[in-house]
Amino acid sequence: MASREGNESAVAMRAAGAAAGGAAARTPAGGGSKRIEAPIKKTGGGGEEKLHTWPFLVRSEFLMAILVIIVLTVWSLLLNAPLEQPSNPTRTPNPSKAPWYFLGLQEMLVFFDPWYAGVVLPSFIIVGLMLIPYLDINPKGNGYYTFRERMFEILSFFIGFHILWVSFIIIGTFFRGPGWNWFWPGQVWDPHLVEALTNVDLPYMFGFRDYLASAIFGLSLIVGYFVVGYAGLYYWIRSRPSGDPWSAFPGGGPEILKKWGPVRFGITGFLLIAMAGVFIKMALRHALNIKYILVTPWINI
Amino acid sequence: MAKFDWNETKRQITDSQAWQSIFRHGYEDTPRNRILMVSGNVWLHLHPSKVQKHAVRLRFTWCMGGITFLLFLVTVVTGVYLMFYYRPTAEYAYADMKYLEFDMPFGMLMRNMHRWAAHGMVIAVWLHMFRVFMTGSYKPPREFNWVVGVILLVLTLLLSFTGYLLPWDQLSIWAVTVGSNMARATPLLGHGGPFHEVLGVNPVYDARAFIFGGAEIGPHTLLRFYILHCIFFPLIAGIFMAVHFWRIRRDGMSGPL
Ligand code: HEM
C-alpha cells in the first residue's frame, strides 16, 4: 500500500505543478493525474490468484524456448536457405518477386500505381495500426478474448489483416508467375503467355475524352465516395441500439458518436473508407476492366 | 587417507567466498527464494516476481512475444557467426556464401538457422500483434506500447529486407530491386513518382538513390544494407525492445478485471 500512497502524493505534486503553470500546457486538466495513476491501476488481476514467476512462468518459457530451438534446428537441417546464381544486373528474372512479406503490396500493383500501392498505402497501414489504440474507445474487451463485445473492431482488423494482408501474400507467393499473370500452383509457367490488356479508364468509359472533364468527373466520384462512406458510417453508428455488443455505451449510437468525437470519427472513417476502396477498385477491375477512376496528367487512381 | 566426502566438498565450495560472491541465495524451494530467483537475476528480472495466473497460460499469450524475442536472439547469435566469414563487397559476397556453405564447419547450418529464424520472426511478430489485438491489450494504459510494437514490427521487416540482399545472388538483388522500386515512386521524393518535378529529383538524387547509395543497385548498396542490417537496425530494434519490455513490466500483463 505504501507505493499507492507514494503515487497519490506524486499525483498531488504533479497537480500542484500544473496549477503553477508547469505541465499545464501539455496535459489537459486532470489528464495528467489519470496517466500517472495508470500503471498502478493495472487492468487485470483484481482478485485473481498470483503465481510465482519462478518456477511457473520461467518453466513454460524455458520449455517453449527448447521446443522452438529444436523445431528450428530440425527445419534448418532439412531445408537449405536458397542461394541462386550470382547476381547479374543485366538478367532480370521473370517474375521478379519482392521478399514474401511484401508480396501483398506487390500484388496491389495490379490495381494501383506504385506511388499508391508502394508508398501511400503502406504508410496508411503503419500509421493506421499505430492509431488503433487512440481510435478505439470501447472500454470492453481489455485483456480477455471476446468477439461479442468488440465485433466492429475485430471485423475491421480481420478485413485489413487477414484478407488484405495475409491472403494477398498467399496469392503473390503461390499464384503469380511470369508477367505477374495468374498461375495455379502446379500449372506450368508459360513465360510467353500474353493476356490481353483490355482495361479502360472509368471516365473514358463514360464518354469523357477531355483531360479536364475526366479529371473533374473522377475527382467528384472519389469525393462522392468518401461523402457517402462517411454518411453511411455516421448513420450506421448513430442507429446502434444500446444493448449488446454496445453495452459500454448505454445511450446507444448518439452516445458513441459524442464520446468518439469528430477527430476520431474523421480519422477512423478515412482509414476504413480508404481500405474499402481497395476492394471497390478490385471489384471494378475484375468486373468491368476499369483501370483508373481518377485520371490526371500527374496522378492516376 | 580420509574417505572422500562429497557433501563436505560441496559445502566447502558453496561456502567459499568466491561462490557466495556469485550466487547470493540458496536453491531451497521457499517463497523467499522463488522471488529472489527472479529479482536477483538481471535476465529473469525482466519479469515481475509474481504474475497473474492467466498470464502464464499459453492460451492467453500464445507465447508469441517471447518467441519473437527468442528468434531475434537466435539471429543475433547465428548472425555473428556468419559475420566472421562474410565480406560485404561485390567481389567476395557471393563467393563467401559458397565458402560458408561448403567449407566452414556448421556454416550451412548457421546460415539456415539465421534465415529461417528471420522468417519465423516475421511470422511470430504478426501472430503476436494478432493476439494482442484479440485480447484488446492495446487499450489503456497500454496504447503507447502498441505504438512501440508497431515500430518493432516495421523494424523486423526492415531487418529481414536488408538481410535479403546480402547473399548477392539473383534472388536477392532482384527482390531488393522490386522492393526498393517503391521508393522511386514516392510522391515528390522519387524520380518516378507524381510531382517529382517540384523538387527536381532525378535518378541519382532521390529517395531510391538514398536507399541504394547510388542510382542503381550495386556494391555501394551492398555495403549500405550490410551496415543497416548488422549494426543500425539491430541496435534500434534492441532499444525499442527495451522500451517495450519495460512498459510491459510497468503496466503488467493485461487481463480481465
Ligand atoms: C520485435 C518485436 C516484438 C517483440 C520481441 C515483442 C515482445 C513482447 C513480449 C515478450 C510480450 C509479453 C507478452 C507476450 O509474450 O505476448 C509483449 C507484449 C505486448 N506486445 Fe509485443 N513484441 C514485439 C512486437 C509487438 C507488436 C508488433 C505489437 C503491436 C502492434 C506489440 C504489442 C504488445 C503489447 C500491447 C503487449 C502487452 C500485452 C499485454 O499486456 O497483454 N508488440 N511483447
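Using a ≥ b ≥ c from the Cα gyration tensor of the protein assembly as shown (square roots of the eigenvalues), is it rounded, prolate or oblate, where a/c under 1.5 gives rounded and otherwise the larger of a/b and b/c decides, a/b for prolate? Because a/c hits 1.5 or more and a/b fails to exceed b/c, the protein assembly as shown counts as oblate. Taking every residue in A:240-247 and counting other chain Cβ atoms within 10 Å of its Cβ, the average works out to 0.
Shape verdict for region A:148-256, please, from the Cα gyration tensor: rounded (a/c under 1.5), prolate (a/b greater than b/c) or oblate. Cα axes put region A:148-256 in the oblate bin. A straight line joining the Cα centroids of region B:1-35 and region A:161-214 runs 70 Å. Couplings 3J(HN,Hα) of region B:61-74, computed from phi: 9, 6, 6, 6, x, x, 5, 4, 5, 4, 5, 4, 4, 4 Hz, in residue order, whole Hz [Karplus 6.51 cos²θ - 1.76 cosθ + 1.60, θ = phi - 60°; x for Gly and Pro]. Distance from the Cα centroid of region A:259-301 to that of region B:80-143 is 35 Å (rounded to whole angstrom).
Helix B:143-165 and the long axis of chain B differ in direction by around 60°, with both axes built from C-alpha atoms.
Note on chain B: GNM, Cα springs under 10 Å; of B:75, B:30, B:89, the largest mean-square fluctuation is that of B:30.
About the centre of its Cα atoms, the protein assembly as shown shows a dipole size close to 1640 debye [charges on the beta carbon of Lys, Arg (+1) and Asp, Glu (-1) only; nearest 20 debye]. Across the cross-link table entries A:97/A:281; A:258/A:291; A:140/B:53, which are compared at the Cα atoms, the separations over 32 Å belong to A:258/A:291.
In chain B, helical runs assigned H by DSSP with n ≥ 4 each contribute -39500 (n - 2.57); averaged across all residues and rounded to the nearest 500, the mean residue ellipticity at 222 nm is -20000 deg cm²/dmol.
Considering every residue in A:137-147, what mean count of other chain Cβ atoms within 10 Å of its Cβ is obtained?
For peptide A:137-147, the averaged partner shielding equals 6.
Ordering A:145, A:169, A:188 by Cα displacement along the dipole of region A:127-198 toward the positive end leaves A:145 in first place; charges were set at the Cβ atoms of Lys, Arg (+1) and Asp, Glu (-1). Checking every one of the chymotrypsin sites (Phe, Trp or Tyr not before Pro) in region A:86-181 against DSSP loop status and a limit of 16 other Cβ atoms within 10 Å picks out A:145, A:147, A:175.
Close amide H pairs (under 5 Å, H built 1.01 Å from N) link residue A:176 with A:183, residues at least 5 positions away or on another chain. Close amide H pairs (under 5 Å, H built 1.01 Å from N) link residue B:50 with A:53, residues at least 5 positions away or on another chain. Look at the stretch B:53-59: the mean tally of other chain Cβ atoms within 10 Å of its residues' Cβ atoms is 5. Shape of chain B from the C-alpha gyration tensor: oblate (a/c of 1.5 or more and a/b not above b/c, with a ≥ b ≥ c the square roots of its eigenvalues). With θ taken as phi - 60° and the Karplus curve 6.51 cos²θ - 1.76 cosθ + 1.60 applied, the whole-hertz 3J(HN,Hα) list for region A:259-267 is 5, 5, x, x, 5, 4, 4, x, 5 Hz, x standing for glycine and proline. Put simply, when B:109-120, A:199-210 are sorted by average Cβ atoms within 10 angstrom per residue, most first, you get B:109-120, A:199-210.
Using a 1.4 Å probe and counting only protein heavy atoms, how much accessible surface gets buried when B and A come together, both sides summed, in Å² to the nearest 100?
Roughly 8100 Å².
The values are calculated or read from the model by the stated rules, or taken from the named source; none is laboratory data. Just so it is clear, the model here is predicted, and its values are computed rather than measured. Cβ sites come from the backbone with ideal geometry, for glycine too, and all protein chains shown count toward neighbours. Only protein heavy atoms, including side chains, enter the accessible area calculation; ligands, DNA and RNA are left aside. Shrake-Rupley method; radii C 1.70, N 1.55, O 1.52, S 1.80 Å.
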